[in-house]
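The values are calculated or read from the model by the stated rules, or taken from the named source; none is laboratory data. What you see is a predicted model; the values in this text were computed from it and never measured. Cβ: placed from backbone, ideal geometry, glycine included. Neighbour counts: every protein chain shown. Remember, those area values only see protein heavy atoms, side chains included, never the ligands or the DNA or RNA. Shrake-Rupley method; radii C 1.70, N 1.55, O 1.52, S 1.80 Å.
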Amino acid sequence: MADCCNDKACEIEVLQDRQSSILKIVLAINAVMFFVELIAGLLAGSVSLIADSLDMLGDALVYGFSIYVVARGARMKAKAALLKGGIMAAFGLFVFGQAIYKMILPHVPVFETIGLIGLLALAANSLCLVLLWRHRGDDINMSSVWLCSRNDIIANMSVLCAAVGVWFTGSGWPDILVGLGLAALFLRSSIFVLRGAKEELRVIQT
């Protein structure tokens, strides 16, 4: 029997198994946190928490797609990345709309809820980032997944800033501004992922 360490096909299979296992864990974490943040955001009237919950949902979908393509070819992985970029863009536009709605009908959210759930989400996403770190350079599939996780950390820190801002000002504007910032982040990341996926497809076709 060939030594697995010297067998390239075996090495690839082991790598794919590791990727799949990690993606399943972060998928479960994001799916749970989506429901937690969405419910908390609706109860607290927080744009930033709702935005972050949609980010969690988007990531859960992204991880699901990534699990599907982890053992498939470069073309399928690039197409999955295109889909991920589209999801990021859609959520960015949705959150932007929510922020505008809150501008028209202002409301002061519950800052205690924003802060507590924001800390919980930060802890969950930090764990995901650690799990994905070693695989961030494996291929375009894992690279885009890691980028999603990194953006989550930025989003969580922004939510905590929104909680402090609402507490300090007694206004809903800090929450709205963070929501707009998250929308911009979603859209920027979607452009990066879409551009990378298109470049990958172009290289494959040539």
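Before moving on, here are some points about what is shown:
- Once both labels are positioned 7 Å from their Cα atoms along Cα-to-Cβ, the gap between Leu127 and Leu105 label points is 3.6 nm.
- Placing unit charges on each Cβ (+1 for Lys and Arg, -1 for Asp and Glu) gives segment 85-199 a dipole about its Cα centre, and among His107, Thr169, Leu180 the Cα reaching farthest toward its positive end belongs to Leu180.
- Summing Lys and Arg as +1 and Asp and Glu as -1 over all other residues whose Cβ lies under 14 Å from the Cβ of Leu119 gives a net charge of -4.
- Accessible-area value, Ile153, 1.4 Å probe, nucleic acids and ligands omitted, Å²: 40 Å²
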